[in-house]
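The values are calculated or read from the model by the stated rules, or taken from the named source; none is laboratory data. For clarity, every value in this text was computed on a predicted model and none was experimentally measured. So basically every Cβ, Gly included, is an ideal-geometry build from the backbone, and we count neighbours across all protein chains shown.
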Amino acid sequence: MKTIITLLALLSFSLPAWALRPVAIKGNRTLVDLEDESISIGDRLAARSNDGRTRALLEVKQIKNGRAVANLLKGRMSMDLNLALAGSPGSDKSVRSSGRSRGSKSAWGFTAGMANNTMTVKLTSASVSLAGSSFNVSGFYQPHIDGNFSARVLVGYETLQATGSNSVCASSECKVNISYLGIETVMRYSFVRNQTMDVWVGAGLGFLFAVGKDSNILDTTKISTNQTIVGSLGLDYKLSRTSFVPVQFDYAMFPDNAASSANQMILRIGYGMSF
């Protein structure tokens, strides 16, 4: 578990990748996925290897549907090279020295949403089933990693509320009401990307630190932290080149233990800005 957490943390805070991506190469022509980069016909693209050396220079000849056709001017182009906007024709041809290209696809924003909760509390003589709904609000940071891979790290206020009927509880109503400071890291893969939307699937881990707890069926003195395993499906609907509406559905599973088991279906929606 510690190894997985370390890997997720390292990936989540890695530097963003280049925005332009080669899709296909045929002869001296390269098809480039612009990924919302602002490019014009006549612009020149520098192709660099992972060690930072410039291996080829291309010139954009056609642009259509978020993709460009660029002709090779010098060097040798291959699919493993990273592309970035170089100087315009007649000016310095060197790659921008900032270490990343414009439109790096990193983003930040906030979400709010609702959770549908189900829970089973294990007693000595029986098990009690509970269900309910609760709310959440989070801020997020979203670094681009490579190609169609990115991460989303959410930090905010999460709640778990559920009730059920059983004679073991006072007035035959059992209740659980826990609020957390939550941190969730989801690794994302975008399987649909265009100028309108980004559709993705992901998986990750959640870390919950209890800040408020009330229950007449659980021993609240033993509730301090929880972890969740999260599967996600999401849509980022683009309002402009730099703003979007994130919609995210999470299925979060609390690891089974001797006292209880629980899961949440969480729908989040918010606002994001890329940079």
Hits in segment 237-248 (condition: in a loop (DSSP other than H, G, I, E, B) and either touching a helix residue (DSSP H, G or I) at 6+ places or on another chain (Cβ under 9 Å) or touching a residue at least 24 places away in the same chain (Cβ under 8 Å) (or both)): 241, 242
Residues within segment 165-188 that are more than 17 Å from residue 120 (Cβ to Cβ), in contact with a Gly (Cβ under 9 Å, 6 or more places away or on another chain) and not basic (Lys, Arg), tallied: 9
Failed criterion for residue 268 (all others in (1) within 18 Å of residue 130 (Cβ to Cβ); (2) crowded, with 19+ Cβ neighbours inside 10 Å hold): (1)
Only one of 80, 51 that is assigned to a loop (DSSP other than H, G, I, E, B), within 27 Å of residue 274 (Cα to Cα) and either assigned by TED's automatic domain parsing to the domain that holds residue 196 or modelled with pLDDT of 85 or more (or both): 80
Residue check, residue 205 surrounded by 16 or more Cβ atoms within 10 Å (Cβ to Cβ), assigned to a loop (DSSP other than H, G, I, E, B) and aliphatic (A, V, I, L, M): no
Residue within segment 103-111 that is aliphatic (A, V, I, L, M) and at pLDDT below 85 present: no
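Here's the yes/no breakdown for (1) modelled with pLDDT under 95; (2) in a strand (DSSP E or B):
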position	(1), (2)
218	yes, no
221	yes, no
226	yes, yes
232	no, yes
235	no, yes
250	no, yes
262	no, yes
265	no, yes
269	no, yes
Condition met for residue 164 (in contact with a Cys (Cβ under 9 Å, 6 or more places away or on another chain) and of a type in the set (Gly, Ala, Ser)): yes
Among (1) within 19 Å of the chain's Cα centre (by Cα); (2) surrounded by 14 or more Cβ atoms within 10 Å (Cβ to Cβ); (3) charged (D, E, K, R) - the single one residue 213 does not satisfy: (1)
Residues being of a type outside the set (S, T, N, Q) and within 27 Å of residue 235 (Cα to Cα) - total across segment 159-202: 19
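Residue-by-condition table, conditions (1) in a strand (DSSP E or B); (2) at pLDDT below 95; (3) among the aromatic types (Phe, Trp, Tyr); (4) surrounded by fewer than 23 Cβ atoms within 10 Å (Cβ to Cβ):
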residue: 133; (1), (2), (3), (4): yes, no, no, yes
residue: 136; (1), (2), (3), (4): yes, no, no, no
residue: 141; (1), (2), (3), (4): yes, no, yes, yes
residue: 154; (1), (2), (3), (4): yes, no, no, no
residue: 158; (1), (2), (3), (4): yes, no, no, no
residue: 161; (1), (2), (3), (4): yes, no, no, yes
residue: 164; (1), (2), (3), (4): yes, yes, no, yes
residue: 167; (1), (2), (3), (4): no, yes, no, yes
Of residues in segment 173-202 being basic (Lys, Arg) and farther than 16 Å from residue 262 by Cα, the one surrounded by the fewest Cβ atoms within 10 Å (Cβ to Cβ): 193
